[in-house]
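FYI, it's all coordinate maths here, none of it is from the lab. What you are looking at is a predicted structure, and each value in this text was computed from that prediction instead of being measured. For neighbour counting, all protein chains shown are included, and Cβ atoms are generated from backbone atoms with ideal geometry for every residue, glycine included.
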Amino acid sequence: MITIKSEKEIEIMRVGGKITAKALKASLAAAKPGVKLGELEKIASDVIWGAGGEPAFQRVPGYNFATCINVNEGVVHGIPGDRQLSEGDLVSIDLGTYYKGFNTDASWTAYVGDLKKAPASSLELLEVGERALRKAIAAALPGNRISDITLGMQKVLEDGQYSPMDTLVGHGIGRELHEDPQIPCLLIHKKTPKIKVGMTLAIEVIYAQGDSVIEVEEDGWTIKTADGSLSGLFEHTVAIGAKGPVVLTEQE
């Protein structure tokens, strides 16, 4: 069931979204060669708790971390352990905040190291992912359908010769971290729910340089590309207002 939030509830999510954005920005800024994923986890967790929130992901049964961190071929749900980042890696940080009864969720992929030395292919992957997210959010208009969001990101990704993940989705968000509706990265059918004022959505662009086949690692959580190709992940929590989408997790 899709839940519609009141203005008061969206205002709570706006505050929580600022915490999420602050934690994501701080952990991304620390993602440098030689840094362990666990160190980024601690930074994010400290920011969330310090700002009066609670790490949303730690509320998921069986998951004990504030973040999911993936590197290179990692797609989603990566456990932030002792792996050290290296020059040239692509790191994706996904995190969320539970604040006064409501969740927000955001993720971002960044290049590790000197951008002046970055391969053009890595920079292009990041640029296309960011652009796909902007296009998807722009389609989140009252009266449109969820499929319009999907088509927005899908066209940008496929025009760039990337593969949208066909088995991983964005989602509604609010009192629960994952709510209806699902927001696919690849169009399955056009008869999807209409977008209404008061909906809150975690719009998530999940894609790969290679094909969309994925596999789960032995830890039972980390999902990676089966062909070892690089992956990207960009996500914002968005509220639907009368005039259109309002991003609640924008980094300042």
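Summary table
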read-out	value
Residue-averaged 222 nm ellipticity for the chain, from DSSP H runs of 4+ at -39500 (n - 2.57), nearest 500	-9500 deg cm²/dmol
Computed over the chain: relative contact order in percent, which uses C-alpha pairs under 8 Å that are six or more apart	23
Most mobile of Asp46, Asp94, Asp105 in a GNM of the chain (Cα contacts under 10 Å)	Asp46
Column: log10 I(q)/I(0), Debye, Cα scatterers of segment 1-107, q = 0.10, 0.12, 0.20 Å⁻¹	-0.28, -0.40, -0.96
Environment charge of Glu217, counting only residues whose C-beta is closer than 13 Å and scoring Lys/Arg +1, Asp/Glu -1	-2
Residue pairs, from the table Lys32/Lys190; Lys5/Lys224; Lys32/Lys243; Lys18/Lys243; Lys36/Lys196; Lys25/Lys243, whose Cα atoms sit over 31 Å apart	Lys32/Lys190; Lys5/Lys224; Lys32/Lys243; Lys36/Lys196
Estimated translational D of the chain in µm²/s (Stokes, Kirkwood radius over Cα pairs; 4 °C; 1.567 mPa s)	73
Top of Ala26, Ala139, Ala208 by mean-square fluctuation, Gaussian network on the chain, Cα under 10 Å	Ala26
Segment 180-233, relative contact order in percent, only Cα pairs under 8 angstrom and at least six apart counted	31
Candidates Glu39, Glu127, Glu73: whichever shows maximal mean-square fluctuation once the chain is modelled as a Gaussian network with Cα springs under 10 Å	Glu127
